[in-house]
Structures are given as C-alpha cells and as structure tokens.
Amino acid sequence: MRWIVDTSKADLRTYRWLLLPNVVRRRFNAYAAAVVLRAQRNVAGSILGFYRGRRPTRQLARNISFRSWMAADKVYGEIGTGIPPKHEIKYAAIHEFGGTIRPRTAKFLTIPFPGVQGQARNYGDTEVVKTMSGKLLIIQKTGRGFAPLFLLVKEVRMPARRWLSRSMDEESMMLRRIFDPPELQRAIEFGEGGRED
C-alpha cells in the first residue's frame, strides 16, 4: 500500500511566505509616501508655515522624501531630507528637535523685522543703535528719520516643532493597519508580494 502526498499547496503557501519582505517593502513605501505628503503639508502649513510674512520652509518641503531597500531578506527604510536625489536641508534638524542658534563667525545674529528681506550688509546708510531697554538694532536712515531693519542678538532659542515626527504620528493608524499580522497574511495569500525592484 502506498500513500501519495500532494505537497503543491504547501509549497505554494511556503513560496508566498517567502514574499513577505516584498509585501513589507511595498507597504512601507505606501506609509512613507503618506508621511512625506503629510510632512510637506505640515511644513508649509500649521507647524512651520509663514514666519514673519515669509515662507522660509518652501525649500524644506521640496526636499522631504523617502527610500527603502532590502538586504538579507530584511527591509530598511528612511524618511527625511538629504535622501538622493533630494538635498540635505541644514535647518531641518533644528526645526524638528529645537535648540540654540549662535553666530559662527560674527558677534551677533541679525533677526529681520517684518517686511525686511536680505542681509544687513546689503543695506546702505545703516548704523547700530542701542535702545533704552538695552537691545541693539541696525537701522537705516531715511528721509523721514530712520527705519529699524534688524535686531542683534547673541543667540536664539528655537522650540522643537516636530515637523517630521508629528507627521509620522499622524499616519500611525495607517502604519498599524497595514502591518497588522492578519492583514499581512491576507496580503500574502492573495499574492500582493510580487517582486519590486
């Protein structure tokens, strides 16, 4: 007497589970794309938005991106600035974590008053004055007197604005849903794990 065992269904199921890293990578890419979109909106809107009538965050919003890769059947991913072909934005970290900004080469930081654009050295007929409260200002002489251009300070304390981590938190429901074990099992059973390069 002989028993014939058909293992084709088990082999197919095993093969599908081997595609798990591909499923995870596809799902991470979907999550990361949602985070990037949310971060771009947050940077341009409620979190950073307009600052003194200017939009200094346009460059930051344009350079937020993500990438994912696989190595040894593991999925790795990153979200932020400086991910090729996008550029690293020097001030992205200070907006995320906060901190103290001090001048590197000059004695003071120049903080522009509303409506003032450019750098202090680009303005002619200026002088530094001290107010009654002890603050230092760069003013420009005009036909009607003077116009304050910049406030001089030794340092500025930037609060943490969490533009990236807040965006990730706001998309956390999506993250929990797409990486829920039963949801992953359904995705594998229905063949979502095709190869992705």
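From the list GLU88, GLU78, GLU96, GLU127, the lone residue that is acidic (Asp, Glu) and in a loop (DSSP other than H, G, I, E, B) is GLU88. Within the stretch 73-126, restricting attention to residues that are within 22 Å of ALA61 (Cβ to Cβ) and acidic (Asp, Glu), the residue that is surrounded by the most Cβ atoms within 10 Å (Cβ to Cβ) is GLU96.
Whether any residue in the stretch 147-155 is without any contact (Cβ under 8 Å) to a residue 12 or more places away in the chain, surrounded by 14 or more Cβ atoms within 10 Å (Cβ to Cβ) and more than 30 Å from GLN40 (Cβ to Cβ) is what I want to check. Yes, there is a match, as at least one residue in the stretch 147-155 is without any contact (Cβ under 8 Å) to a residue 12 or more places away in the chain, surrounded by 14 or more Cβ atoms within 10 Å (Cβ to Cβ) and more than 30 Å from GLN40 (Cβ to Cβ).
If you go through the stretch 136-194 and keep only what is within 26 Å of the chain's Cα centre (by Cα) and farther than 30 Å from ARG62 by Cα, you end up with just ASP180. Look at VAL129 and say whether it is exposed (fewer than 14 other Cβ atoms within 10 Å of the Cβ) and at negative phi. When the stated conditions are applied, VAL129 passes them. When the stretch 79-116 is limited to residues that are polar (S, T, N, Q) and under 18 Å from ILE138 (Cβ atoms), the one that is nearest to the chain's Cα centre (by Cα) turns out to be THR110. All of ARG27, ARG58, ARG54, ARG38 fail the test of being modelled with pLDDT of 65 or more, under 22 Å from the mean Cα position of the chain (by Cα) and exposed (fewer than 15 other Cβ atoms within 10 Å of the Cβ), apart from ARG58. Evaluate the following for GLN117: is it more than 26 Å from LEU175 (Cα to Cα) and assigned to a strand (DSSP E or B)? So GLN117 fails the test. Candidates in the stretch 125-135 are the residues that are over 12 Å from LEU152 (Cα atoms) and without any contact (Cβ under 8 Å) to a residue 12 or more places away in the chain; of these, the one that is farthest from the chain's Cα centre (by Cα) is MET132. Restricting attention to the stretch 129-187, the residues that are over 28 Å from ILE94 (Cα atoms) and hydrophobic (A, V, I, L, M, F, W, C) add up to 9.
The values are calculated or read from the model by the stated rules, or taken from the named source; none is laboratory data. Just so it is clear, the structure is predicted and the values come from calculations on it, not from any experiment. A quick note on method: Cβ atoms are made from the backbone with ideal geometry, for glycine too, and the neighbour counts reach across all protein chains shown.
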